[in-house]
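Below is one structure, written out as structure tokens, with a few remarks after it.
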Amino acid sequence: MTSTPPRPWRTEFAATLKLAWPLVATNLAQALVGATDVAMLGRLGSDTLAAATLGLNLYLVFLIFGMGLTTAAVPMIARERGARPHAVRDIRRTVRQTIWVAATLCLPSWIILWNAEPILVHLLDQDPLLAHEAARFVRAVMWGMLPSLCFLVLRAFVAALEKPAWSLVVMVGLLVVNAGLNWLLIFGHAGLPALGLLGSGMASSIANGLSFVAMAAVIVYARPFRRYRLLGRFWRADWPRYRAVWKLGLPIAITLGFESTVFIAAVFLMGLLGTVPLAAHAIAIQIASVTFMVPLGIAQAATIRVGLASGRGDRAGIGRAGWAAFAIGESFMVLTAALLILAPQLLIGIILDVDAPANAPVVALAISLLAVAAIFQVVDGAQVIGAGMLRGLGDTTVPMIFAAIGYWGIGIGVGAWLAFARGWGGVGIWTGLATGLAVVSVLMMARWQARERLGLG
């Protein structure tokens, strides 16, 4: 006779899955927005695409940092709801001050991004012609940074209230509107001038602005959110809470910076090895980035569920929330790891013609990289979910240190040594990345177990 699992665990698994799937879908839709931009700009030629890549990567440095800062709203709101389920004023002030933080970041970011051309030419030693075109793109796209970050704050609000489907609807709308605006402004349809790269930047800024307006309309008029009156008395400061957002969000922002820049560094290392390794890396990382959207969404759900239990002072609930999310996420990543090992050509064929003789070297190396990515999947899922669990406890500084050690101290260091000193090539770089992620995942979970054991919610 088999025993029935305790009801609290079944309830927690169900609640986590219900919360996580719209977050996963929203992440996938957000990834498709960027893919749409790349696909349309690619039709203008390799030079345009290269200039867009330069400009976009510079812009993303600031946007990703801002995303980390605004992420602080999620655990703060969740813990406030856990402590007082009907809290309104504290949640409203947290949302307001997080938007203030986003605006504070945007002001110096815009000044720097407005000078993108000399930065690309003199600091990053890029081709002057490409840098000039990239700067035109940056000067158009950068105005979408503030509405994009404000949208993320409102998305954090509805997610922390465990109603993330609203932001999914808006994100799908953003995907459609962005594609339409790109089609109009890049290629000059419907009587509009063909603006090319500049048009793509304008389309992104307009679409981000509209997405924030749509999300603001949701929180103003939708019944679940009306009572919070988030946009009322927006000018009123709450300096202690403003500082609290910075204190919690800054380590998250730096952690995301470490994570994003390590993959940019991997691209440059692959470029030193030649065109074939670089192309194989681009294919493998694209596949891995799509599957990563799932544990990322589950990590976001973990932050909320752990934060709610922490706010209630429910020690057992903290453990259930964290481990349920970890089990769901790792189960999915084990399945994707098996798919990478068993059917790599099927996945590569989505991006590249695997039967073309000219592509044979790229396909062969991509298969090898995906074999390493099978391990990569499991440990990458573990580290991002572990980080999400710890954020629910308000623990962000120590994970930031783990990220610095794992991503840069081990990941890039071991990868470069294996690739160049040991002659492993591209497989060596990926082995280094997987090793660094494995170390981070072990440290994150050890940190989680220690805090859970001591009841430090």
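Just so you know, all these numbers are worked out from the coordinates, no wet-lab data involved. No experiment lies behind these values; they were computed from the predicted model shown. Reconstructed Cβ throughout: ideal geometry from the backbone, glycine too, with neighbour counts over all protein chains shown.
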> Mind checking the alpha-carbon convex hull of the stretch 355-426 and giving the volume per residue in Å³?
Replying inline: 100
> So what are the ³J(HN,Hα) numbers for the stretch 372-384, from phi and the Karplus equation (6.51, -1.76, 1.60; θ = phi - 60°), rounded to whole Hz, Gly and Pro as x?
Replying inline: 5, 5, 4, 6, 3, 4, 5, 6, 5, x, 5, 6, 6
> For the stretch 31-80, which semi-axes, largest first and in whole Å, follow from the square roots of 5 times the eigenvalues of its Cα gyration tensor?
Replying inline: 33, 12, 4
> ³J(HN,Hα) across the stretch 9-23 via Karplus (A = 6.51, B = -1.76, C = 1.60, θ = phi - 60°), whole Hz, x for Gly/Pro?
Replying inline: 5, 4, 4, 5, 4, 5, 5, 5, 5, 4, 6, 6, 5, x, 5
> For the stretch 251-457, what log10 I(q)/I(0) values come out of the Debye formula at q = 0.10, 0.12, 0.14 1/Å, with one point per alpha carbon and no solvent?
Replying inline: -0.44, -0.61, -0.80
>> Let me make sure I get this right: for the stretch 20-237, a, b and c are the square roots of the gyration tensor eigenvalues over alpha carbons, sorted descending. Under 1.5 in a/c it's rounded, otherwise prolate if a/b > b/c, else oblate. Which is it?
In response: prolate
> Each residue of the stretch 180-197 in order: what ³J(HN,Hα) in whole Hz does its phi give by Karplus 6.51 cos²θ - 1.76 cosθ + 1.60, θ = phi - 60°, with x for Gly and Pro?
Replying inline: x, 5, 4, 4, 6, 8, 6, 9, x, 7, 6, x, 7, x, 7, 9, x, 4
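From the Cα gyration tensor of the stretch 30-142, with a ≥ b ≥ c the square roots of its eigenvalues, which class applies: rounded if a/c is under 1.5, or else prolate if a/b is larger than b/c, or else oblate?
Details: a/c = 4.00, a/b = 2.23, b/c = 1.80.
The shape class here is prolate.
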> Using 0.36 nm per residue, how much length does the chain from Val398 to Arg233 gain when fully extended, once their Cα-Cα distance is taken away?
Replying inline: 55.8 nm
> Which value in nm describes the separation of the simple spin-label points at Val213 and Ala39, placed 7 Å from the Cα toward the beta carbon?
Replying inline: 2.6
>> Let me test this: with uniform point scatterers at the alpha carbons of the stretch 160-291, what is the Debye-based log₁₀ I(q)/I(0) at q = 0.15 1/Å?
In response: -1.14
>> Is the C-alpha gyration tensor of the stretch 274-333 telling us rounded, prolate or oblate? Criteria: a/c under 1.5 is rounded; beyond that, a/b larger than b/c is prolate, otherwise oblate.
In response: prolate
>> If you average the C-alpha positions of the stretch 385-415 and of the stretch 127-165 separately, how far apart do those two centres end up, in angstrom?
In response: 24
>> If you build the convex hull over the alpha carbons only and average its shadow over all orientations, what do you get for the chain? Give it in nm² to one decimal.
In response: 24.1
>> Let me see the P(r) profile for the stretch 89-203: every Cα-Cα distance counted, bins of 5 Å, each bin given as a percent of all pairs.
In response: 2, 11, 14, 15, 16, 16, 12, 8, 4, 1, 0
